[in-house]
């Protein structure tokens, strides 16, 4: 009898589907990247998702974030995501955490409870803390590098952080991870040089500040990064002999 995941089972096999169902994945950041990653994991049969984000849906999210709709405006992103994911897969367990993850909130999370960790947040300090905690817990982690100010979805690569190039965020992360003694981290990064956001209607000082603080983004770049990340998680978990 076909079920919700029967088409996935044709490719991965029954044992892999069982491993996915018994797995718990944490997604830190439910924006353009993390939102698509979380949904793809739910549609692939992951049994438990932890969604961590403290933002609410706003008007400027509508161009790229899967949980951003006029009907979800002003809702917490994790709550909007939880509602939609339950509509996709009623049997899944979703733990929604309205939390801005940083070192001072990190103790709220026990990384040993996770089978995989996705870092899809924007702050370097938070990203480093996620990676550090996942490594200490012996849990696989995959980190999204810069997806803002990019237009070429074909330029993204999966690699170890120390094999990356071009990406400015990856450069900062390489330096900081080396200082922490962390020798490897799987990341998704772009080899496209970042574009400069247009500030045609802004004054000179305002334009400079805008370029530093608000990256441009489109529908077809963060979504690709999120789906690549989800694919790596599904492949890694389904291939494990034990989760």
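Since every read-out is calculated from the coordinates, none of them should be taken as a lab result. Nothing here was measured: the structure is a model prediction, and the numbers come from that model. Methodologically, a virtual Cβ is constructed for each residue, glycine included, from the backbone with ideal geometry; neighbour enumeration extends over all protein chains shown.
Place the peptides 130-143, 220-233 in order of packing, highest mean first, counting for every residue the other Cβ atoms within 10 Å and averaging per peptide. Let's see the in-between values first.
Values: 130-143: 19.7, 220-233: 22.6.
For the peptides 130-143, 220-233, the packing ranking is 220-233, 130-143.
When the helices of the chain are scored as -39500 (n - 2.57) per DSSP H run of n ≥ 4 and the total is divided over every residue, the value at 222 nm lands at -12000 deg cm²/dmol. Using the average count of surrounding beta-carbon atoms within 10 Å as a protection proxy, the listed peptides 163-170, 68-75, 29-36 rank, highest first, as 29-36, 163-170, 68-75. Here the Gaussian network model covers the chain, with springs between Cα atoms less than 10 Å apart; of 93, 56, 14, 14 fluctuates the most.
Calculated FRET efficiency, residue 63 to residue 102, Cβ-Cβ distance, R0 = 35 Å: about 0.85 to the nearest 0.05.
Tell me, what is the percent relative contact order of region 6-236, built from C-alpha pairs under 8 Å that lie six or more residues apart? Mind showing how you got there, number by number?
On the way: 417 pairs, mean separation 49.7, N = 231.
Reported relative contact order: 22 percent.
In this structure, residue 158 and residue 183 have a Cβ-Cβ separation that, at R0 = 25 Å, corresponds to a calculated FRET efficiency of about 0.90. The separation of region 21-55 from region 133-183, counted between C-alpha centres, amounts to 19 Å.
Which whole-number percent gives the relative contact order of region 33-166, counting Cα pairs below 8 Å spaced six or more residues apart?
Working: 156 pairs, mean separation 29.1, N = 134.
Dividing the mean separation by the residue count of region 33-166 yields 22 percent.
Return a whole-number percent for the relative contact order of region 40-84, with Cα pairs under 8 Å and 6 or more residues apart as the contact set. Intermediate results must be reported in sequence, preceding the final value.
Numbers: 39 pairs, mean separation 15.9, N = 45.
Relative contact order of region 40-84: 35 percent.
Taking the average, over residues, of other Cβ atoms within 10 Å as the packing measure, peptides 19-26, 45-52 rank 45-52, 19-26 from highest down.
Given the Cα-Cα distance of residue 239 and residue 6 and 0.36 nm per residue of separation, how much length would full extension add, in nm?
Values: separation 233, 0.36 × 233 = 83.88 nm, distance 1.79 nm.
Full extension from residue 239 to residue 6 adds 82.1 nm.
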